[in-house]
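Working notes, structure below.
Readers should treat all values here as calculations from the given coordinates under stated rules, not as data from a laboratory. Everything quoted here is computed from the prediction, not taken from an experiment. As a convention, Cβ positions derive from the backbone with ideal geometry for all residues, glycine included, and neighbour counts pool all protein chains shown.
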Amino acid sequence: MSFSRKVKDELCLAPLKPADSQGWELAAALLGAARFRSDGIRLSTSHEGTALRMVRGLQAQLGLQPDLLRGRELWTVAVTGADGQGRVLADLRDRFRFEPARGQAPADGLPDAASLSEDAGRAILRGLFLACGSLTDPLKAYHLEMSTRRSQAALLGLRLLEIHGIRVARLRRGPLQVLYAKEGQHIADFLALTGAHAALLAFEALRVEKEMRNIVNRVVNCDNANLQRLAESSVRQLERIRAFAERHDTTSLPDELRDVAELRLAHPDLSLRELGELLSPPLGKSGINHRMRRLEREIGEILETERIQAREGGPEAHAPGDRPRRA
């Protein structure tokens, strides 16, 4: 079972208190997802619990007996007959000033979101999610989405979410108006707001698990990168020191650099901090790093000078143990 279905299962079992919440929830679901045609009003959903909840809402709020049709993948709640359609449209007109015959109502026809009671606002968001929403498994991604058929449904949902500090984005996808959130905290706040408390606990547990995995992965990647850098720098230092030692006596180096060179040759697998601890007196990581850079620079200059002289046939090669003068 998908995480989204678990959330809807919980919401469909939630009691409706006060009673008027059922009316706002039903009206929001119809505004967001219903199709209004001459032969009837239809709301289709892949979630059986949502379809049954809409049927009960139409019965309790408007005194209707809608048809519940089952297809291969969708459940459809259908209101036919002039009387039934008239009651639904009158309710939507009273709550949202919605007139399907005129197309989409202007945005200023919506009720002021701030003036709605908290219970009504929660019910509207719950209805929009049940009829139009989906929620990705949080272990895969944080993604809450509500795809509505009408811009005023999306706009009302957006305003209600903003009142509660839940930031969502809005876009058009073909004929649909889509609200979506991709931040874990905002999705958690939405679950709490709509009353999906068991789903919220499961979501938070999965979110903690995901964050812990990310932290462990970052630490492991960081350690691997540090080990890789340590290995690369150690190999580079060894190659340069050995190349120098093949042609020169390390005693020709200044005492503090000679000690570092001999320690690196003797302990190729140690880090700079560990090498510094072997010196007398010991050096910290910064000190040993400074000496190693000096050593690499001096050896590099000596070897580069010898390569240039050998290539250009310049002054006679230096005898082993001789240190060429630096300019």
* To do: Taking amide H positions as placed in the peptide plane 1.01 Å from N, state which residues far from S46 in sequence (5 or more) or on other chains have amide H under 5 Å from it.
  => W75
* List, in order, the whole-Hz ³J(HN,Hα) value for each residue of segment 232-240 obtained from phi through the Karplus relation with A = 6.51, B = -1.76, C = 1.60 and θ = phi - 60°; use x for Gly and Pro. => 5, 5, 5, 5, 4, 5, 4, 4, 5
* Structure fact -> Taking Cα atoms only, helix 20-33 is inclined relative to the longest principal axis of the chain by an angle, in degrees rounded to 10, of 70
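Shape verdict for segment 187-232, please, from the Cα gyration tensor: rounded (a/c under 1.5), prolate (a/b greater than b/c) or oblate.
Prolate, since a/c reaches 1.5 and a/b exceeds b/c.
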* Hull shadow area, averaged, segment 1-144 [alpha-carbon convex hull, nm²] -> 9.4
* **Percentage relative contact order, the chain, counting C-alpha pairs under 8 Å, at least six apart** => 14
* Compute the acute angle (0 to 90°) between the alpha-carbon long axis of helix 118-132 and the principal axis of greatest extent of the alpha-carbon atoms of the chain; round to the nearest 10°. => 80
* Asked: Does anyone have the angle between helix 82-96 and the longest principal axis of the chain? Alpha-carbon axes, 0 to 90°, nearest 10?
  -> 50
* **Rounded, prolate or oblate (a/c below 1.5 giving rounded, otherwise prolate when a/b exceeds b/c) for segment 222-312 by Cα gyration tensor** => oblate
* Asked: Hey, got the dipole for segment 22-140? About the Cα centre, +1 on K and R Cβ, -1 on D and E Cβ, debye to the nearest 20?
  -> 280
* To do: For a label point 7 Å from the Cα of N221 along Cα→C-beta, name the residues of segment 135-156 whose backbone N is under 17 Å from it.
  => 140-142
* Taking the simple approach of a point 7 Å from Cα along Cα-to-Cβ for both A243 and R213, what is their distance in nm? -> 4.6
* Asked: How about segment 208-302: which GluC sites (Glu not before Pro) there lie in a loop by DSSP and see at most 14 other Cβ atoms within 10 Å?
  -> E246
* Structure fact -> Inter-part gap, Cα centre of segment 40-97 to Cα centre of segment 144-173, in whole angstrom, is 22
* In percent, how large is the relative contact order of segment 117-217, given Cα pairs closer than 8 Å and 6 or more residues apart? -> 25
